[in-house]
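Peer 1: Quick one: the structure is below, and I'll ask about it shortly.
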Amino acid sequence: MNLAFYKRIEDSTAHRLNREFIRDYVLQNPEKLQYLIEIALHEKDKIHIKACWALELIFEIKLELILPFLDDFLAKIGQFKDDSAIRPISKICMFLSKSKTIQLSENQETKIIETCLDWLIQDKK
């Protein structure tokens, strides 16, 4: 784990400029994307929500960057419980479902559909 990068995420806030700073940093340093995804997908990490926020902005611009991590991403999306993480993760799912360049397998589509439906029927806002 890159501690300086972790600290940078930890120090960020929900403000759009902070999230864009992390996004731009990762787009300029693509090797950091793996660390960001690891943090985001580790729900017990106290800053995973902040990592999810940045991932949403990254994949909104360059969705193809998710391809090496797609199976791990889809395997973990059902574990998210916090609304602040579910919102950006669900937006990434939307980007994937609307993509004209990324072809999801039937299993991948099913995982996204089932997870999003589970989120919808939860007794939460």
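The values are calculated or read from the model by the stated rules, or taken from the named source; none is laboratory data. These numbers were taken from a predicted model, which means no experiment stands behind them. With ideal geometry, Cβ positions are generated from the backbone for all residues, glycine too; neighbour counts draw on all protein chains shown.
Peer 1: Do you know which of the residues in the stretch 79-99 that are surrounded by fewer than 14 Cβ atoms within 10 Å (Cβ to Cβ) and among the charged types (D, E, K, R) is modelled with the highest pLDDT?
Peer 2: Lys98
Peer 1: Please verify whether the stretch 81-99 includes one or more residues that are among the basic types (Lys, Arg), closer than 16 Å to Glu114 by Cβ, in a helix (DSSP H, G or I) and touching a residue at least 12 places away in the same chain (Cβ under 8 Å).
Peer 2: Taking every residue of the stretch 81-99 in turn, none turns out to be among the basic types (Lys, Arg), closer than 16 Å to Glu114 by Cβ, in a helix (DSSP H, G or I) and touching a residue at least 12 places away in the same chain (Cβ under 8 Å).
Peer 1: When the residues of the stretch 100-125 are narrowed to those that are farther than 20 Å from Lys44 by Cβ, in contact with a helix residue (DSSP H, G or I) (Cβ under 7 Å, 6 or more places away or on another chain) and part of a helix (DSSP H, G or I), which ends up modelled with the lowest pLDDT?
Peer 2: Cys116
Peer 1: Here is a follow-up. Is it the case that the stretch 78-87 has a residue that's farther than 20 Å from Glu20 by Cβ and in contact with a Phe, Trp or Tyr (Cβ under 7 Å, 6 or more places away or on another chain)?
Peer 2: For the stretch 78-87, residues farther than 20 Å from Glu20 by Cβ and in contact with a Phe, Trp or Tyr (Cβ under 7 Å, 6 or more places away or on another chain): present.
Peer 1: Can you find even one residue in the stretch 46-65 that is closer than 18 Å to Asp11 by Cα, without any contact (Cβ under 8 Å) to a residue 60 or more places away in the chain, loosely packed, with under 14 Cβ neighbours inside 10 Å and of a type outside the set (A, V, I, L, M)?
Peer 2: Yes, the stretch 46-65 has at least one match.
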